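S.K.: Mind having a look at this structure? Questions to follow.
The values are calculated or read from the model by the stated rules, or taken from the named source; none is laboratory data. Bear in mind that the values here come from a model prediction, so they are computed numbers and not experimental data. A quick note on method: Cβ atoms are made from the backbone with ideal geometry, for glycine too, and the neighbour counts reach across all protein chains shown.
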Amino acid sequence: MTQGSQSVAGGFDLVPYSLIALLARVVTGLVFFRSGLTKIDLATFSLKPSTFFLFDQEYKFRLLKYLGLPASEPAFPNPHGLAYIATAFELILPLVVWLGFGTRLAACLLLAQTLVIETVYPDAYIEHGFWAIALLMLMRFGPGQLSVDRLMRRTQAASLAWSKSAVE
């Protein structure tokens, strides 16, 4: 590697992980939150009839057929229950991720939902892949310093240090 490319690559080290994690949290959260908003009637805060239609008729397990395997497109079990669960996930988990509170668990649940979405829309694997990368990064490295998780760890560490000094 040349000295010029080393200095450019070294410049990337100046970008703090917290900024990258914040961007991943905001953008990924927006994807799911906006999807959740399309499923509810904001006036009554209830699921739209079209949401139940999607879960009854549109959302089928298409992955095997996409892979060229002889298979039908079975529906998911209890589509109305799944409509409520998926919508709740899409509206609540992004808020948790945005705050950086329980980020690793929330990212894990959103990754699971992404994998289910991929079985329904396997042609969108590139888009879903980007979501998965961001979620995996948050699961592995956490939400960064700009988060409630970090603030709680700091508070807990300060409390432990204070209690140790009080005992001594």
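S.K.: Mind checking whether some residue in region 78-98 is small (Gly, Ala, Ser), closer than 28 Å to Asp149 by Cβ and in contact with a Pro (Cβ under 9 Å, 6 or more places away or on another chain)?
M.R.: no
S.K.: Another question, if that's okay. So which residues in region 113-133 are small (Gly, Ala, Ser) and modelled with pLDDT under 95?
M.R.: Answer for region 113-133, where residues must be small (Gly, Ala, Ser) and modelled with pLDDT under 95: just Ala124.
S.K.: I want to confirm something. Restricting to region 84-137 and keeping residues that are among the hydroxyl-bearing types (Ser, Thr, Tyr), over 10 Å from the mean Cα position of the chain (by Cα) and not in a loop (DSSP other than H, G, I, E, B), which single residue is farthest from Ala24 (Cα to Cα)?
M.R.: Tyr84
S.K.: Now for a separate question. Step by step: first the residues of region 45-62, then only those that are closer than 14 Å to Tyr121 by Cα and of a type outside the set (A, V, I, L, M, F, W, C), then the one that is farthest from the chain's Cα centre (by Cα). Which residue is that?
M.R.: Filtering region 45-62 for residues that are closer than 14 Å to Tyr121 by Cα and of a type outside the set (A, V, I, L, M, F, W, C), the one farthest from the chain's Cα centre (by Cα) comes out as Gln57.
S.K.: Given region 1-68, what helices (runs of 4 or more DSSP H) lie entirely inside it while holding 1 or more residues that are surrounded by 11 or more Cβ atoms within 10 Å (Cβ to Cβ), at pLDDT 95 or above and touching a Pro at 6+ places or on another chain (Cβ under 7 Å)?
M.R.: 17-38
S.K.: Being touching a residue at least 24 places away in the same chain (Cβ under 8 Å), more than 17 Å from Leu82 (Cα to Cα) and small (Gly, Ala, Ser) is true for just one of Ala107, Ala132, Ala124. Which residue is that?
M.R.: Result: Ala107 is the single residue among Ala107, Ala132, Ala124 that is touching a residue at least 24 places away in the same chain (Cβ under 8 Å), more than 17 Å from Leu82 (Cα to Cα) and small (Gly, Ala, Ser).
S.K.: Pairs under 8 Å by beta carbon, first residue hydroxyl-bearing (Ser, Thr, Tyr) in region 75-87, partner not in a loop (DSSP other than H, G, I, E, B), six or more apart or different chains?
M.R.: Tyr84/Leu47; Thr87/Gly36; Thr87/Ile40; Thr87/Leu47; Thr87/Thr51
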